[in-house]
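See structure below.
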């Protein structure tokens, strides 16, 4: 096996601090104000105004499909495949008091084009030489607990900078000389590898889903859950070009490299939307059901997706928007949670499934299930590289699951005992694997 280089996403999550230690937390008096309960136990991740920071917003519009019984269970016992803590030390009355507060409206929440323009900030005027040998070997590492982004070339650390609440994929321009950093609370940071500095930032919205770049690298598309919108920026200046209001919770937007087009879906509506990345015009298409989590095939001909609470996987032809395949299977746990590879003249993909202890292997383009592989727990991602003989999967524990691409047998490794492994990225040549390890102490 090729050499493995461990990079730790050092996760000093606020809920791991002493205030959540069971011996420290005291039962609150029943007369405690619901807002005080929320501020004490929820606001550090969900924001004092419930608009979300490192965790999703908790406003009524986001919770209307979740009943009180379900909310009670989530608060008390946490959610699977998330980093939310259990609040089982709270009394039933205290949990119901928090739920009542979450159902109340929050006033004065808005973010218009003028707010976006006024949020622009120049971050750092100092330039430095990074002495990059090959831009294709640059890897970005997010240290979530410390709110840092590290820039590495293979094993060498070139630079780092602070940036709060990073969420979603960081995006490079195609020439590899710039990248953009999105945050849960709507900020987009611009780093120039040529100048060796974080140059500027702007806030697109209150709660951001993801960002994407047009294939020419000239425009940034930010998808927002609050307010519900797509905001387009000039990638060089971060000047907002257009804000497109939406009616629905956007899942995510991804550009197509084969044409001047991007696509997005909704989490709560049965639509797929195509956006012309030149004219910025939108075209809506009806689907048979919402697509929440999805990925796009390597030839950009098909979108493969599921719905979180659904029980089927659907494949749509992107041009004709016709369903070409459907299979009964649990939803994928994350956007682009799947990976694909080429073997013996065929393409395959593999994905984990929500709350299920297995990974499924599929043959692409004739669309058939090859195998279910039990990995011993429910994971987030499957990853691979053309030079690797394995699929790299997590299972919610400290185990790294290696699935042989030839016979689908598994081997288990423990990168750091009792430290949860969750995600792998690779260097451009596949010689280095960067493993994400969650740690409580940073």
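When you check residue 275 against the structure, is it in contact with a strand residue (DSSP E or B) (Cβ under 8 Å, 6 or more places away or on another chain), closer than 19 Å to residue 351 by Cα and not in a loop (DSSP other than H, G, I, E, B), yes or no? The answer is no for residue 275. Taking the conditions (1) touching a helix residue (DSSP H, G or I) at 6+ places or on another chain (Cβ under 9 Å); (2) under 19 Å from residue 141 (Cα atoms); (3) at pLDDT below 95 in turn, residue 207 satisfies each one other than (2).
For segment 92-121, which residues satisfy the criterion of being over 30 Å from residue 73 (Cβ atoms), over 26 Å from the mean Cα position of the chain (by Cα) and at pLDDT 90 or above? Spell out how you get there, then give the answer.
The initial filter retains those residues of segment 92-121 that are over 30 Å from residue 73 (Cβ atoms), namely 108, 110-121.
Add one more test, that the residue is over 26 Å from the mean Cα position of the chain (by Cα), and what stays is 108, 114, 118.
The answer is 114, 118.
Taking the criterion of being surrounded by fewer than 18 Cβ atoms within 10 Å (Cβ to Cβ), within 23 Å of the chain's Cα centre (by Cα) and farther than 16 Å from residue 293 by Cα, the only residue of segment 353-375 that qualifies is 357. Would you confirm whether or not segment 84-104 contains a residue that is in contact with a strand residue (DSSP E or B) (Cβ under 8 Å, 6 or more places away or on another chain), farther than 30 Å from residue 245 by Cα and in a loop (DSSP other than H, G, I, E, B)? So far as segment 84-104 goes, no, none of its residues is in contact with a strand residue (DSSP E or B) (Cβ under 8 Å, 6 or more places away or on another chain), farther than 30 Å from residue 245 by Cα and in a loop (DSSP other than H, G, I, E, B). Looking at segment 403-421 only, could you name the residues that are buried (at least 20 other Cβ atoms within 10 Å of the Cβ) and farther than 19 Å from residue 342 by Cβ? Result: 421, single match. Filtered by the rule that a residue be part of a strand (DSSP E or B) and free of Cβ contacts under 8 Å to residues at least 24 places away in the same chain, segment 263-272 gives a lone residue, 271. Take residue 351 and tell me if it is closer than 22 Å to residue 152 by Cβ and either out of contact with any strand residue (DSSP E or B) (no Cβ under 6 Å at 6 or more places or on another chain) or in a strand (DSSP E or B) (or both). In short, no.
Okay, residues lined up against (1) under 28 Å from residue 56 (Cβ atoms); (2) crowded, with 21+ Cβ neighbours inside 10 Å; (3) modelled with pLDDT of 95 or more:
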| site | (1), (2), (3) |
| --- | --- |
| 180 | yes, yes, yes |
| 183 | yes, yes, no |
| 199 | no, no, yes |
| 217 | no, no, no |
| 220 | yes, yes, yes |
| 242 | yes, no, yes |
| 275 | yes, yes, yes |
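Under the condition of being buried (at least 16 other Cβ atoms within 10 Å of the Cβ) and over 24 Å from residue 384 (Cα atoms), the residues counted in segment 317-350 number 2. Entry remark, segment 124-148: residues being assigned to a loop (DSSP other than H, G, I, E, B) and either loosely packed, with under 11 Cβ neighbours inside 10 Å or modelled with pLDDT of 90 or more (or both) number 10 in total.
Among the conditions (1) touching a residue at least 12 places away in the same chain (Cβ under 8 Å); (2) under 29 Å from residue 71 (Cβ atoms); (3) assigned to a loop (DSSP other than H, G, I, E, B), residue 107 misses just one, which is (1).
Taking the residues in segment 32-74 that are assigned to a helix (DSSP H, G or I) and under 22 Å from the mean Cα position of the chain (by Cα) as candidates, determine which candidate is surrounded by the fewest Cβ atoms within 10 Å (Cβ to Cβ). In this case the residue turns out to be 61.
The values are calculated or read from the model by the stated rules, or taken from the named source; none is laboratory data. Since we're looking at a predicted model, the values are computed, not measured. As a convention, Cβ positions derive from the backbone with ideal geometry for all residues, glycine included, and neighbour counts pool all protein chains shown.
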